[in-house]
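The values are calculated or read from the model by the stated rules, or taken from the named source; none is laboratory data. Every value quoted in this text rests on a predicted model; they were computed, and no experiment measured them. Reconstructed Cβ throughout: ideal geometry from the backbone, glycine too, with neighbour counts over all protein chains shown. Note: accessible area is taken over every heavy atom of the protein model, side chains too, but ligands, DNA and RNA are not part of it. Shrake-Rupley method; radii C 1.70, N 1.55, O 1.52, S 1.80 Å.
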Amino acid sequence: GRRTGPFVPLARRAAEFLSSPTGPRVAVLELGGWDSHANEAAPNGATTQALRTLDAGLAALSEGMTTAGPWRDTVVVVASEFGREVAINGTQGSDHGTGGAAFVLGGAIRGGRVLADWPGLAKANRFEGRDLRITTDLRALLKGVLGEHLQVASARLDSEVFPGSAGVRPLGVRA
């Protein structure tokens, strides 16, 4: 069996809470284990295990909410607090970098798309020659989800949720 720690049971419990008509509309789940710098592609390495755990947790969340019915109205955002350097380091890992990726899924999402200006991985296209170039502000994605899905007013997003972010336009992600 896979070692997933408390994340999968937590995702199952979140599905129960979110599926309840009187339950919360938003949940935040945290999964550690991503800050590895060595052997990231190893079959039993930390990054591989973190990806397996994330996969199992998202499956548990989806299954729990599909059974109860609300999956069709669900938006899930998976994002990291930091990026990774493009090049592999001397220990077959990667070091901290600036760019990363966010994944958006759920029944309320029109999927199958990549929403980005892909700069490529050539050294000349990297930020400072080493990192994936940032082309989309994560706040734009979150503003799109919060505005479209939860109906949070633009003025509140600009001033209270993400203060000083009026210049960051929401990214549309829904179906």
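Values for this structure:
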{"read-out": "Those residues of the range 54-98 whose amide nitrogen sits under 19 Å from the label point placed on Glu16, 7 Å along Cα→Cβ", "value": "57-71"}
{"read-out": "Dipole magnitude of the range 1-141, debye to nearest 20 (Cβ charges: Lys/Arg +1, Asp/Glu -1, about Cα centre)", "value": "300"}
{"read-out": "Exposure rule at most 12 other beta-carbon atoms within 10 Å, DSSP loop trypsin sites (Lys or Arg not before Pro): the chain longest free segment", "value": "26-109"}
{"read-out": "Gap separating the Cα centres of the range 150-175 and the range 50-78, nearest whole Å", "value": "25"}
{"read-out": "Chymotrypsin sites (Phe, Trp or Tyr not before Pro) restricted to the range 64-171 and DSSP loop, no more than 11 other C-beta within 10 Å", "value": "Phe82"}
{"read-out": "Fraction of accessible area attributable to carbon and sulfur, the range 1-54 (%, probe 1.4 Å)", "value": "58"}
{"read-out": "Volume per residue that the Cα convex hull of the range 1-98 spans, once the total is divided by residue count, Å³", "value": "103"}
{"read-out": "Long-range Cα-Cα pairs in the chain (distance over 25 Å), rounded percent", "value": "44"}
{"read-out": "Accessible area of the range 56-108 divided out per residue, in Å², using a probe of 1.4 angstrom", "value": "51"}
{"read-out": "Positive-end residue of Pro119, Gly172, Val145, charge dipole of the range 109-175 with Cβ unit charges", "value": "Pro119"}
{"read-out": "Hull-based mean projected area of the range 122-175, where the convex hull spans the alpha carbons, in square nanometres", "value": "4.8"}
